[in-house]
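Notes for the one structure printed next.
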Amino acid sequence: MATILSQDLLEDQYRAKLVTADEAVKIVKSGDWVQYGEFVMQPKELDAALARRVNELEDVKIRCVTITMIPEVVKVDPERKHFRFNDWHFSAFSRAMQAQNLCNYIPVTYHEAKKLIEDFVEIDVAFVLVAPMDANGYFNLGTSNSITSYVVEKAKKLVVEVNTAVPVCLGGNGESIHISQVDYVVESVENQKLLNLPETPITDVDRQIAAQVMELMEDGSCLQLGIGAMPNVVGSMIAESDLKDLGVHTEMLVDSFVDMHESGSITGKMKDIDKGKMVYTFAMGTDKLYDFLDGNPVCASYPVHYTNDPFIIARNDKVFAINNAIEVDLYSQVASEAIGSRQISGTGGQLDFIFAAFRSHGGKGLICLSSTTTLKDGTVVSRIRPTLSPGTIVTVPRTINYYVITEYGIALMKGRTTWQRAEELINIAHPDFRDELIKEAEKMKIWVRTNKLEA
């Protein structure tokens, strides 16, 4: 519990706890579990300082959520003798590290993270990037509320790295840390800007899928968008459409939400909870997004046990959840995080929001993917498959899957038999692969009425 202190006493506390990064990392001992900040809120200078201790430490286990850089602790220890890195949700950097056996994945159903950390996760030291302390003694967590508020409570020692470039993201709740909770304060020397995600190339197929999505959307829908080109296209199309009174209750806030808000499409006035607020748990994008968030009371940052709880999400009507996938099989199982044994991303909140959308009155949960993909050798393969690639992890089970969308149409899975699901999915597969899928479905004893399949 934070104590109310005068400005002078707050400043005294701050100065008493202010140290260099090299001094702060001395609290890490061999065998410790260390938690880094999440997404674009990773502490660069504390990471570099910890790396400088490489020859003094052994078996230091580090956790992060979606690293947005190759950590210095990994660069200095290519054999993992001193530091063992782990990620709750893989990024391109995590994948590159995993390929060299330098990173492990931590499975998590995102809305369960609070209980997981409280009951099952050990955190000896936490390094958290924050905005500068305000007049009341609080450091804002910036763009990543997510699991950080639980980490702050669980960590035996807490070090904050203060960066003047971090936007102040209002809550919600759990969005700030009081000086009384902090063991050490490190002021960033470089105050690097937050990572700006590169622009994702948009294809004609992305636009075709987004157009299918737009056919289902209604005024007053409450949006959740995943990462990637296609959800951003949907955002652009909404901003240019006559849709009105949309709400936002999402896991991730991206640039396209700024466009939709500025166009007047988002008002939030039809929401049943957090009326008028754009609710999210973390944000990743460009300076356009970070500038929009800074001190903006229309945006509400919450911990993930709130944003991703299906029963909380579903209190809003017309929850419209739009997510990507890698593969869908004819049983309607969805793989969104891995291909075979290769971890690509993570479960994240996809399962949470697809489940919630079905519970929401008038809600729709969409799994979107292009009908084909091209392998490195130039081979074109179907992303709707008879069965998932061997060893592939299921992200959304067939019992939870709701809608599947490709550039060829929309397939409803709810209430459908196995043969109806297969039929629906074959109808939205690429035409070049439909005959093969029919044959495979027959081999698997999924009855498909081929005469009813569209040409």
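With 10 angstrom as the radius, rank Ser382, Ser341, Ser241 by how many other C-beta atoms surround their C-beta, starting from the fewest. Before the final figure, lay out the partial values.
Details: Ser382 20, Ser341 11, Ser241 14.
Going from least to most buried by this count: Ser341, Ser241, Ser382.
If you wrap a convex hull around the C-alpha atoms of segment 204-452 and split its volume per residue, what is the figure in Å³?
On the way: hull volume 31.9 nm³, N = 249.
Roughly 128 Å³ of hull volume per residue.
Under unit Cβ charges (Lys, Arg +1; Asp, Glu -1), what dipole magnitude, rounded to 20 debye, does the chain have relative to its Cα centre?
Numbers: 45 positive and 62 negative charges, 286 e Å.
Magnitude of the dipole: close to 1380 debye.
Do any GluC sites (Glu not before Pro) in segment 177-284 lie in a loop, going by DSSP, with at most 14 other beta-carbon atoms within 10 Å of their beta carbon, and if so which? Please list the in-between numbers first.
Values: sites: Glu187, Glu190, Glu199, Glu215, Glu218, Glu240, Glu251, Glu262; in loops: Glu190, Glu199, Glu218, Glu251.
Answer in residue order: Glu190, Glu199, Glu218.
Can you work out D for segment 30-70 in µm² s⁻¹ from Stokes-Einstein, where Rh is the Kirkwood radius over C-alpha pairs, the temperature is 10 °C and the viscosity is 1.306 mPa s?
For the chosen part, D equals 147 µm²/s.
Taking N as the number of residues in segment 119-193, what value does Rg over Cα atoms divided by 2.2 N^0.38 Å take? Numbers along the way, then the final one.
On the way: Rg = 11.8 Å, N = 75, 2.2 N^0.38 = 11.3 Å.
So segment 119-193 has a normalised radius of gyration of 1.04.
How about segment 57-157: which GluC sites (Glu not before Pro) there lie in a loop by DSSP and see at most 16 other Cβ atoms within 10 Å? Each step should come with its number before you reach the end.
Working: sites: Glu58, Glu72, Glu79, Glu112, Glu118, Glu122, Glu153; in loops: Glu58, Glu79, Glu122.
Of the GluC sites (Glu not before Pro), the ones in loops of segment 57-157 whose Cβ has at most 16 other Cβ atoms within 10 Å are Glu58, Glu79, Glu122.
Work out how much length Asp432 to Val298 would gain on full extension: take 0.36 nm times their residue separation and subtract the Cα-Cα distance, in nm to one decimal.
Details: separation 134, 0.36 × 134 = 48.24 nm, distance 4.72 nm.
Going from the current span to full extension adds 43.5 nm.
Which net charge results when you count Lys and Arg as +1 and Asp and Glu as -1 among the other residues whose beta-carbon is under 15 Å from that of Leu10?
My count for the surroundings of Leu10 gives -2.
Kirkwood Rh, segment 10-110, all Cα pairs: how many Å?
About 14.1 Å for segment 10-110.
Would you list, by chain and number, the aspartates and glutamates whose Cα falls below 14 Å from the Cα of Lys275, excluding same-chain residues fewer than 8 positions away?
Those aspartates and glutamates meeting the cut-off are Asp245, Asp317.
What 222 nm value per residue comes from the helices of the chain, counting each DSSP H run with n ≥ 4 as -39,500 (n - 2.57) and dividing by all residues, nearest 500 deg cm²/dmol? Write down the numbers at each step before the final one.
On the way: 16 runs with 131 residues, N = 455.
When only DSSP H runs of four or more count, the value is -8000 deg cm²/dmol.
Please determine, in degrees from 0 to 90 and to the nearest 10, the orientation of helix 229-240 with respect to the longest principal axis defined by the Cα atoms of the chain, where the helix direction is its Cα long axis.
90
Size of segment 357-455 along its principal axes in angstrom, Cα-based, largest extent first?
Result, largest extent first: 44, 33, 26 Å.
Rounded to a whole number of µm²/s, how large is the Stokes-Einstein D of the chain at 4 °C and 1.567 mPa s, given Rh as the Kirkwood radius over C-alpha pairs? Spell out each step's value before the answer.
On the way: Rh = 23.0 Å.
This corresponds to a translational diffusion coefficient of 56 µm²/s.
Taking the Cα atoms of segment 12-187 alone, what are Rg (to one decimal) and Dmax (as a whole number) in Å?
Over segment 12-187's Cα set, Rg and Dmax evaluate to 15.2, 47 Å.
Checking the table Lys17/Lys157; Lys376/Lys439; Lys244/Lys318; Lys61/Lys157 against a 19 Å threshold on Cα-Cα, which pairs fail?
Working: Lys17/Lys157 12 Å; Lys376/Lys439 27 Å; Lys244/Lys318 13 Å; Lys61/Lys157 15 Å.
Listed pairs above 19 Å: Lys376/Lys439.
Counting each pair of different Cα atoms once, what's the Kirkwood radius of segment 150-222 in Å, rounded to one decimal? Numbers along the way, then the final one.
Numbers: mean 1/r = 0.0587 Å⁻¹.
When all Cα pairs of segment 150-222 are included, the Kirkwood radius is 17.0 Å.
Taken together, the values in this text are just the output of simple stated rules run on the coordinates, not laboratory data. The structure displayed is predicted, hence computed values, not measured ones. Virtual Cβ from ideal backbone geometry, glycine too; neighbours counted across all protein chains shown.
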